[in-house]
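First comes the structure, then the notes that go with it.
The values are calculated or read from the model by the stated rules, or taken from the named source; none is laboratory data. From a predicted model like this one, the values you see are computed outputs, not experimental measurements. Cβ sites come from the backbone with ideal geometry, for glycine too, and all protein chains shown count toward neighbours. Just the protein is used for accessible areas: all its heavy atoms, side chains included, with ligands, DNA and RNA removed. Shrake-Rupley method; radii C 1.70, N 1.55, O 1.52, S 1.80 Å.
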Amino acid sequence: MNWLGGFSLDLKLGGRMLVKYPGLTIVGGLAMAFAICVGTVIFQVLSLFFSPTLPLPAGDRIVYIRNWDVAANEPEPRALYDFAVWRGASRSVTDLGAWRDVTRNLIVAGGDSRPVEVAEMTVNGFRVGDGSPLLGRVLVDADAQAGAPPVAVIGYDVWRTRFGSDPNVLGRTVQLGNEHATVVGVMREGFAFPVSHELWMPLRTDIPNQAPRSGAAITVFGVLAPGVTLETAQTELTALGHRAAIELPATHEHLQPRVAPYATLMFTAPSGEERGILFSVYVFAVMLLVLVAGNVALLLFARAAARESELVMRSALGASRARIVMQMFTEALVLGGVAAVIGLTAADLALRNWGLEFLEVNLGRLPFWYDLSLSPSTLLFALGLTVLGSAIAGVMPALKVTRGMGSRLKQATAGAGGLQFGGIWTAVIVVQVAITVAFPALVYVEQWEARHIQTFDAGFATEEYLAVRIEMDAPVVAGENPDSVRAARREAFASTIEEVRRRVAAEPGVDGVTFVDRLPRTARPESIIELSDDATATAQSSRGASTDPRPPFREATIAGIEPSYFDVLDSPILAGRAFRAADLAPGASVAIVDQGFVDQILQGRNPIGQQMRFVPRGDEGTTKDANPWFEVVGVVKELGMGAPTRQGRAAGLYLPATPDRFDKVYMMMHLRGDPMTFGPQVREIATAVNPTLRLSELQRVDEVTNGILWVIKLWLRVTIVMTAVALVLSLAGIYAVLSFIVARRTREIGVRVALGANRKRVIAAIFRRPLIQVGLGILAGAALIAAAGSADTEMPGLSGGFSLMDAAILLAYATLMLGVCLLACVVPTRRALRVEPTVALRMD
């Protein structure tokens, strides 16, 4: 165990080195801390997708079961009939339950109406989800019986925000859409099973004469029996599926029951290609650490050069090469340990403050088991990064320093050793400078995107408009045929929407109300447009006739609007006519295009009377001949049809429709004064008209891009930090190189000065190598930027090639970077020029 004593001494020496060389400690420590922080954040986030786990007692033994329609290659969620069969026949999966995901307006007396996520769930969900109430009780079997009074269990957050943490909430009647229920319990803080729900009501599963593949869409869950594996459970369910296919061929011939870990419910396990992409992100994290550790190794090598006499003396006293390498590795490990503490602290703060918000902006509602606090596996990964970085930073310079140690035993002074920088160190500096030059280009792109979003002109005063998404409950009644009631529901929704419009328009300060299926300033799906003359040109081409050189297919953004849309946006028709009520009749195929469509697709031709048809992007393989032709009847100015993040103008095309035919319904209101102050009135009106109307995404139209803007600004901050780290490492590396050169050439410099050498020539000799390294790095970075700008990419601000102005800016920036990097040469150069000839001549 003698090595433990030596290791403890090395640790103490490593601590003293941190204090003795504060510049290296700060630069190298913060750089490694940044790399460890980035790697930790990446690992923690991606582990949610690679290996999600449930923080419940049953853990990974909780599974979900669903039917898969192999003919349609999609899940079949209507499984009430099959749930009853599985619950009675399955032995491998126990405690089977089910839940239905719904959203209801929670209407509280004396408060407003807001949607809540409701789980209609079997009572065993509280047992499987380890749920205990804070107040009252959970659901019981009697609550799910026919004729039982409606009851509800509310979540902790709902109790706190909507009921003011009222301890007397039990027994209170609340309204959920059209239904009233009595509050019987309040769940403890943090309970959100089955996914991220806020309120729970009983789910009826014992419906008499329930037909196969009918009723509500449900999710079935259960727990693997003791000793049963997932494969065994799948075998049993496959047998049950075969039996159902034989007994019910009309509905179950193509259905296959499948069982999977419950933690993969929201986001399925990544495919092979997706795993490759995710693995590349891990590789990026490791390579970032390797790059940073390589730069720290450069600094440690320069420090080792200053300690060459000490290391040579230790070798002379009997220390082996392995012992010296171990000592330098331990010193780097101490530095890495400090960096790991800083990096893990920063990673934890970043994940807590921005991680969940970032994921919710990009993915939507997250399940309760997505916990971004640092897990043991993440800490182990960070430890591995620390050891790897320390090994690179400590072992690489140690091996270089100890090579040929025996031949230098007679050289006792630090200034006369034979150490030299090799090609690896030169490559490290060149790569670092190139990254330092290239990173600001990413900063420029992100700044361009943020500025473009903020200054995007939608063609109307977006700050005067309030927008809200409207949905309506569509409860499933046992035994009903969805197709038979679709028309009735559409008619009811249309009359409800019209009443909401009438009441909102009658409010003081409202100048207009309209409906659209996509808001301006948001990303919209694009479609492939075919013009009638394109079809003619294609036919002529097949006969060998001359054709129009223009490409036959182009992309446009399509929006469904109601006829009042342009009037409410105060946008007059530039040519042709507006939509009329007759355009809403079946068989009427008319469209209005914007000026971008005229300029880019019609290329300035008269649009009125043009015939066109379209197919959604990605469905180009479908038969276009079956799609109807639309006639252009009008032209308007551009009204924000393109997303602010896209480069160039968008081509917009509007189709007339009523809100009940939209896939999404957004109500836009033109208001005088601050639009957000009208929000509570909108909710009150909607609730009064129909309690089943759900309002969400209430915002001003100029704020619809706040989510993507937040993400871009977050990436901008990360890129700026990475640029700063790269710049500091570059300066420190160049400083270390020059300090090393001065230390190696102290005697030579002194002799040349003593013999009357010109100071400029001495400076030129010192600067030659760093000038070459910095110059190569700047050229490599400029080449990366030029390649990105010249490539046919969608990077805004860079694509499309370089103009003379761009080239001038790039040249000025490269010159600036050269000057900044050479600032690191000032201190070593002044040190070299202050060398006394008599001192240098005494150095053997």
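What to note about this one:
- Complete set of residues in segment 640-661 that are at pLDDT 85 or above and more than 20 Å from residue 458 (Cβ to Cβ): 656, 657, 658, 659
- When segment 50-74 is limited to residues that are in a strand (DSSP E or B) and farther than 30 Å from residue 372 by Cα, the one that is most open to solvent (accessible area, probe 1.4 Å) turns out to be 74.
- The condition (being of a type in the set (A, V, I, L, M, F, W, C) and within 30 Å of residue 292 (Cα to Cα)) is satisfied by just one residue among 698, 714, 653: 714.
- Any strands (runs of 3 or more DSSP E) falling wholly within segment 91-171 and containing at least 3 residues that are surrounded by 15 or more Cβ atoms within 10 Å (Cβ to Cβ) and in contact with a helix residue (DSSP H, G or I) (Cβ under 6 Å, 6 or more places away or on another chain): 93-107
- Within this structure, residue 192 passes the test of being small (Gly, Ala, Ser) and assigned to a loop (DSSP other than H, G, I, E, B).
- Residue list for segment 679-697, restricted to those being open to solvent by 10 Å² or more (accessible area, probe 1.4 Å), assigned to a helix (DSSP H, G or I) and either of a type in the set (A, V, I, L, M, F, W, C) or in contact with a Gly (Cβ under 9 Å, 6 or more places away or on another chain) (or both): 685, 688, 689
- Hits in segment 483-522 (condition: surrounded by 15 or more Cβ atoms within 10 Å (Cβ to Cβ), outside any loop (DSSP other than H, G, I, E, B) and of a type in the set (S, T, N, Q)): 496, 514
- Residues satisfying the stated conditions in segment 386-425, i.e. assigned to a helix (DSSP H, G or I), open to solvent by 30 Å² or more (accessible area, probe 1.4 Å), closer than 30 Å to residue 749 by Cα and modelled with pLDDT of 70 or more: 396, 399, 400
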